[in-house]
Structures are given as C-alpha cells and as structure tokens.
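In what follows, a structure is listed as structure tokens, so that the remarks can point back to it.
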Amino acid sequence: VQLQAYGGGLVQAGGSLRVSCTYSGRTFSSYTMGWFRQAPGKEREFVAGITKAGGTAYYADSVKGRFAISRDNAKNTVYLRMNSLKPEDTAVYYCAADPSGNYYVTSVEKYAYWGQGTLVTVSS
C-alpha cells in the first residue's frame with residue numbers, strides 16, 4: 001500500500017489550497033480515509049475523515065466550515081480543500097487509510113497506512 005500526498009505550498013492568510021493524496025492499490029474504495037496534520041513541536045492531530053463511498057465527512061472543530069474532504073474512488077484519490085486559511089493551519093498534512101472501513105475514525109492509531117506528508121505554510 002502506498003499513499004502519495006501532494007499539493008502543499010505557501011499561501012497567504014485567507015487564501016485557499018487543495019491537497020491531494022493518491023493510493024496505489026486495488027482496495028481504495030474499502031478504506032476509510034483521513035487527513036491529519038502536524039505542526040512543529042506538536043502532536044499529529046486529526047483534521048478530516050470520509051467514509052468509504054464518500055457519503056459522509058467529519059471534521060475537527062478547528063477546521064469545520066473552512067475545510068472540505070472529498071474522494072474520487074475511480075481515481076483512487078482523496079482531497080482536502082482548505083479555505084480561509086490561518087497561520088495556525090501551518091503544518092505538514094498527512095493522508096491516511098483505515099482498512100477497517102469504519103465510520104468516524106479520528107485517532108492516529110486506527111489508521112494503518114500513511115502518506116509521506118505535504119507541507120502547507122500560511123503566512124500572515
């Protein structure tokens with residue numbers, strides 16, 4: 001299983017950015033997918049998750065209303081659209097896959113597979 005995250009970059013506060021993550025394999029549609037982030041000196045934290053078919057998304061309170069997770073199972077890709085970005089959103093963003101396919105998976109330990117991360121920097 002390989003996950004490749006990309007699309008990070010430098011953006012001004014208030015701006016938008018979309019990060020993507022592509023899965024290499026044939027079972028993508030059976031996985032719950034999530035996005036996490038880790039800022040310097042902080043623990044990795046849950047950002048957003050989405051169910052196998054993409055019907056339900058859920059978010060950390062800190063990003064609710066600003067971020068949107070989506071997936072395209074035909075392209076084996078999960079996306080995170082980030083709007084109204086703030087300097088405190090600066091972090092390395094990781095995609096992750098949970099093969100259990102369960103709903104509302106928010107803990108790091110539940111995700112078995114991880115991408116390498118993509119850096120998002122929000123300037124003030």
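The values are calculated or read from the model by the stated rules, or taken from the named source; none is laboratory data. Since the structure is predicted, the reported quantities are computational estimates derived from the model, not experimental observations. Note: ideal-geometry Cβ built from the backbone for every residue, glycine included; neighbour counts use all protein chains shown. The accessibility values were calculated without ligands, DNA or RNA, using every heavy atom of the protein model including side chains. Shrake-Rupley method; radii C 1.70, N 1.55, O 1.52, S 1.80 Å.
With respect to (1) open to solvent by 50 Å² or more (accessible area, probe 1.4 Å); (2) touching a Phe, Trp or Tyr at 6+ places or on another chain (Cβ under 9 Å), the lone exception for V120 is condition (1). Residues that are more than 14 Å from the chain's Cα centre (by Cα) and assigned to a strand (DSSP E or B) within region 20-61 comprise just one, S24.
Note on region 61-90: residues that are closer than 16 Å to F36 by Cβ, loosely packed, with under 15 Cβ neighbours inside 10 Å and in contact with a Ser or Thr (Cβ under 6 Å, 6 or more places away or on another chain) amount to 0. The set of residues in region 86-124 that are among the acidic types (D, E) and either in contact with an Asp or Glu (Cβ under 8 Å, 6 or more places away or on another chain) or assigned to a helix (DSSP H, G or I) (or both) comprises E88, D89, E109. Candidates are the residues of region 91-117 that are polar (S, T, N, Q) and under 16 Å from Y59 (Cα atoms); the one that is surrounded by the fewest Cβ atoms within 10 Å (Cβ to Cβ) is S107.
It is to be established whether one or more residues within region 62-71 are assigned to a strand (DSSP E or B), modelled with pLDDT of 95 or more and touching a helix residue (DSSP H, G or I) at 6+ places or on another chain (Cβ under 9 Å). Checking region 62-71: at least one residue is assigned to a strand (DSSP E or B), modelled with pLDDT of 95 or more and touching a helix residue (DSSP H, G or I) at 6+ places or on another chain (Cβ under 9 Å). Candidates are the residues of region 24-51 that are basic (K, R) and more than 14 Å from A96 (Cβ to Cβ); the one that is modelled with the lowest pLDDT is R26.
Criterion first (among the hydrophobic types (A, V, I, L, M, F, W, C), closer than 21 Å to F28 by Cβ and part of a strand (DSSP E or B)) does L80 satisfy it? For L80, the condition - among the hydrophobic types (A, V, I, L, M, F, W, C), closer than 21 Å to F28 by Cβ and part of a strand (DSSP E or B) - is met.
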